[in-house]
Amino acid sequence: MKYLLSLAVRSAWNRKLTLGLTLMSVALSVALLIGVERVRQDAQDSFAQSVSGTDLVVGARTSPVQLMLYAVFHIGDATNNIHWQTCKDIAANPLVAWTIPVSMGDSHHGFPVVGTTTDYFAHFHYGEAEPLTFRGGKPFAGLFDAVIGAEVADHLGYRIGDKITLSHGTGDIGLTEHADKPFTVTGILARSGTPVDRAVHVSLEAIEAIHLDWQGGAKIPGFSIPAEYASKFDLTPKEVTAILVGLKNRASVFKMQRAVNEYPAEPLLAVLPGVALDQLWQVVGVAERALLAVSGMVVVVGLCGLIAVILASLNERRRELAILRSVGARPMDIFLLLSAEGLFITLSGTLIGMALLTALTATFAPIIQSHYGLMIAPRFISPDEFGLLGIVVGVSLLASLAPGYGAYKLSLADGLTPRI
Amino acid sequence: MTNHVIRIDNLAFRYPDADNVCLDIRELHAEAGDRIFIYGPSGSGKSTLLGLLGGVLTPERGTISLLGHELTTMTPSARDRLRADHIGFVFQQFNLIPYLSVTDNVLLSCRFSARRHSCAVASGTTLHDEATRLLDHLDIASELRHRPVTQLSVGQQQRVAAARALIGRPEIVIADEPTSALDAERQIAFLELLSRECIAANATLLFVSHDRRLASGFNREIALPSLNRAQIAQEVA
C-alpha cells in the first residue's frame with residue numbers, strides 16, 4: 001500500500017507538466033471558492049456591523065427593513081417623519097442613555113445628506129464598537145458647517161474648507177439646489193466601510209435653515225431668506241426622520257421597544273438593528289449566494305479537467321499497468337494507483353490554493369480595505385471553509401474513482417499484453 | 001507427477017465475446033530447469049497462453065497447475081499472488097516503468113512479493129546488492145544504473161527487464177518475444193545471458209518467439225500451431 005502510494009507520486013511526478021497545470025487549475029479554483037466565501041463572510045460581517053452600540057432604531061411606523069434602509073443605509077425615503085416633541089420624549093425616558101436624531105431628504109451629488117447633532121460623532125459606533133474618527137478637521141459647529149464621509153471626500157476631491165451646496169431631494173439629476181446657502185467642509189471622517197462613508201453630515205438646524213424659504217417641497221416663488229439672516233429665525237427642528245437610541249442597560253431593550261411602539265401621540269416603530277439587518281441580509285444575500293454557487297461550479301470545472309487529464313493519460317499508461325500486473329499487482333492495486341493520483345492532486349491543489357489565497361489576502365487586504373471599505377482579515381480556515389474544502393475533497397475522491405475504475409477495467413481486459 | 005513446474009491438461013479458452021475457442025491444448029508439461037522454446041507466429045494464441053499461465057485469464061475447461069497449485073480453483077487475487085511469487089516476465093519491449101530508476105525497476109518484483117523479497121536477501125545480501133549482482137551478470141554497467149531508464153538502449157532495457165524477472169529466484173521465467181526489437185547479434189547474446197541465468201537459478205524458462213532461428217540452445221522446442229488444436233480445427237474448416 002505504501003509502495004503503491006510512492007509509485008503514484010513518482011508516476012505523477014513523471015507527468016509533472018500536464019499534472020502541474022491541472023494542479024494549478026484546481027488550486028486557483030479552490031482559492032477562488034474560499035476567496036469568495038471569505039469576501040461573502042466579511043461583507044456580511046461588515047454589513048451586520050454597519051451600526052453597533054445602537055440598541056434601537058426608531059422611526060415612523062413602517063416595515064423594519066425599510067426603516068433600517070433609510071435610517072442606517074440612507075437608501076430610499078421615509079414615508080413619514082416623527083415630531084420633534086416625540087424625539088424629546090424618547091430622549092427623556094429614564095432607560096435612554098443617548099439619542100441621535102437624524103433627518104434626511106437632501107443630497108449632494110447623489111450622496112445623502114444627514115441632518116443630525118454632534119452626538120452622532122460621540123455615540124455612533126460601527127464594527128466591534130468602533131467610534132467614528134476624523135481623518136481631518138472637526139465636527140460641525142457653525143450653522144453652515146458640514147462633515148463629509150471618506151467616500152464623499154475621495155470621490156469628489158473635497159478638502160477641509162471647500163464650499164459645497166446641497167440639493168433638495170435625493171438622486172443626482174434634476175434637483176433644485178440650495179445654492180443660496182453654501183456649506184463649508186469642516187471635517188472629513190476616516191473610512192469605516194459603512195454607509196457613513198457616503199454621507200454628508202450637517203446639523204439639524206442647518207436642515208431647517210435651508211428650508212426656511214421652502215414650502216411643500218418647493219421654493220416659495222419671489223421669497224428668499226439670505227444665509228446671513230437664517231440664524232435669526234427659530235431653527236428648532238419640527239420633525240426628524242429617525243432616531244438612533246442607546247440605552248443605559250441593554251437588558252431593557254424590549255421594554256423600551258414596547259414603550260416606543262405603544263407611544264400614544266403618534267405611531268412609531270422601534271427595531272433592534274441586529275434583527276433588522278439579518279432580515280435585510282436575507283434580501284441582499286441572494287446575490288452573494290449566487291456568487292458562491294458560480295465559484296463552486298468553477299471548482300467542478302477544475303475537477304472535471306483533472307479527471308479528463310488522468311483518463312487521457314490512461315491509454316499511454318497501459319504498458320505501465322501491464323508491467324505492474326506482471327510483477328503481481330492486483331487489479332485492485334491498479335484501481336488504487338489511479339484513484340490516488342486524482343486525490344493526491346486535489347489535496348495538494350487545495351493546499352496550494354489556500355496558500356495562494358493567504359498570500360493574496362495578505363498582499364491586497366490593505367488596498368481592498370482603503371478602496372472598498374471591505375475588511376478582509378487574514379485568518380486561519382474557519383469551520384465553514386473546512387466544510388467547503390471537505391466537499392471539494394469528497395467530490396474529488398468520488399471523481400477520482402472514475403479513472404481508477406477505467407484502469408481497473410483496462411487491466412482486466414489487457415492482462416499482461418496490452419493491445420496498443 | 002507432482003514435480004511438474006507447469007502442467008496444462010485438456011485446456012480450452014474462449015474470449016468472452018468470441019464464437020470460437022481460441023486456445024485448445026491437450027497437454028503441456030514442463031519440469032524444473034526445462035528451457036522450452038515455444039514457436040508461435042502471430043495469431044497462434046501466444047498472448048492467450050501467457051495470460052492463462054500468468055493467471056489473468058481463466059480457461060473455459062481443463063486445468064493449469066503451476067508448482068502444484070491448481071490455478072482454476074484459485075481466487076483471482078491468489079493467482080496474482082502466485083504470479084508475483086513464482087513467475088518472472090520479460091516482454092517484447094517497453095518492459096520498464098519510465099519513472100523508476102534502473103534499480104527500482106529491478107526491485108519492482110520484490111515490492112509486490114514478500115517471498116521474492118526474502119529470497120533475494122536470503123544469501124545475506126541486501127536487496128540493493130542483489131539487484132546490483134544481477135545487473136552485473138547481465139552486463140549493465142554501473143554508470144547506467146543512475147540514468148533514467150528511457151535513456152537506455154533497447155538491448156539494455158531488455159537486460160534490465162531480465163534482471164527484474166530473475167530477482168528473488170522465481171521458479172518460472174516467461175519471456176515473450178524479448179529479442180524481437182534487437183538485431184541478430186544482440187539477440188544471441190541476450191538469449192545466452194538469459195539461459196545462463198535461468199540455469200544458475202534452476203528456473204524453468206518458457207521462451208516464446210515467432211523466430212525459429214532462436215530455437216537452438218533450448219532443450220525443448222514446441223510449435224504452438226501444432227499444440228493448439230483450436231488453430232488446427234479452424235484451418236481444416
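The values are calculated or read from the model by the stated rules, or taken from the named source; none is laboratory data. Please read these numbers as outputs of a predicted model, since none were measured by experiment. Methodologically, a virtual Cβ is constructed for each residue, glycine included, from the backbone with ideal geometry; neighbour enumeration extends over all protein chains shown. To get the accessible areas, we keep the full protein, side chains included, count just its heavy atoms, and leave off ligands, DNA and RNA. Shrake-Rupley method; radii C 1.70, N 1.55, O 1.52, S 1.80 Å.
Would you confirm, using the coordinates I've provided, whether B:Asp129 is more than 25 Å from A:Leu337 (Cβ to Cβ), of a type outside the set (Val, Ile, Thr), outside any loop (DSSP other than H, G, I, E, B) and more than 14 Å from chain A (Cβ to nearest Cβ)? It is true that B:Asp129 is more than 25 Å from A:Leu337 (Cβ to Cβ), of a type outside the set (Val, Ile, Thr), outside any loop (DSSP other than H, G, I, E, B) and more than 14 Å from chain A (Cβ to nearest Cβ).
Considering the range B:96-126, the residues that are within 14 Å of another protein chain (Cβ to nearest Cβ), in a helix (DSSP H, G or I) and among the polar types (S, T, N, Q) include one that is surrounded by the fewest Cβ atoms within 10 Å (Cβ to Cβ), namely B:Thr103.
A quick yes/no check of all residues on (1) touching a helix residue (DSSP H, G or I) at 6+ places or on another chain (Cβ under 7 Å); (2) farther than 30 Å from B:Val90 by Cβ:
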| residue | (1), (2) |
| --- | --- |
| A:Trp281 | yes, yes |
| A:Ala290 | no, yes |
| A:Cys304 | no, yes |
| A:Leu337 | yes, no |
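Whenever a residue of the range B:37-58 is at positive phi, its partners that are assigned to a loop (DSSP other than H, G, I, E, B), lying with C-beta atoms within less than 9 angstrom and at least six residues away or across chains, give the pairs B:Gly45/B:Cys22; B:Gly55/B:Met74. For the residues A:Phe47, A:Phe73, the requirement of being of a type in the set (Phe, Trp, Tyr), part of a loop (DSSP other than H, G, I, E, B) and either closer than 30 Å to A:Gly127 by Cβ or open to solvent by 60 Å² or more (accessible area, probe 1.4 Å) (or both) singles out A:Phe73. In the list A:Pro94, A:Pro139, which residue meets the criterion of being modelled with pLDDT of 90 or more, open to solvent by 30 Å² or more (accessible area, probe 1.4 Å), assigned to a loop (DSSP other than H, G, I, E, B) and under 17 Å from A:Ala270 (Cβ atoms)? Answer to the check: A:Pro94.
If you go through the range A:146-162 and keep only what is farther than 16 Å from A:Ser107 by Cα and not in a helix (DSSP H, G or I), you end up with A:Gly157, A:Arg159, A:Ile160, A:Gly161, A:Asp162. In the range A:369-381, is there at least one residue being at pLDDT below 90, open to solvent by less than 30 Å² (accessible area, probe 1.4 Å), among the hydrophobic types (A, V, I, L, M, F, W, C) and in a helix (DSSP H, G or I)? No, the range A:369-381 has no match at all.
Among the residues of the range B:133-148, just one is crowded, with 17+ Cβ neighbours inside 10 Å, within 20 Å of the chain's Cα centre (by Cα) and more than 9 Å from B:Val106 (Cβ to Cβ), namely B:Leu138.
For the residues A:Pro226, A:Pro221, A:Pro267, the requirement of being without any contact (Cβ under 8 Å) to a residue 40 or more places away in the chain and surrounded by fewer than 18 Cβ atoms within 10 Å (Cβ to Cβ) singles out A:Pro221. The one condition from (1) surrounded by 15 or more Cβ atoms within 10 Å (Cβ to Cβ); (2) without any contact (Cβ under 8 Å) to a residue 24 or more places away in the chain that A:Gly157 does not meet is (1).
In the range B:60-95, of all residues being open to solvent by 10 Å² or more (accessible area, probe 1.4 Å) and part of a loop (DSSP other than H, G, I, E, B), the one that is nearest to the other protein chains (Cβ to nearest Cβ) corresponds to B:Phe94.
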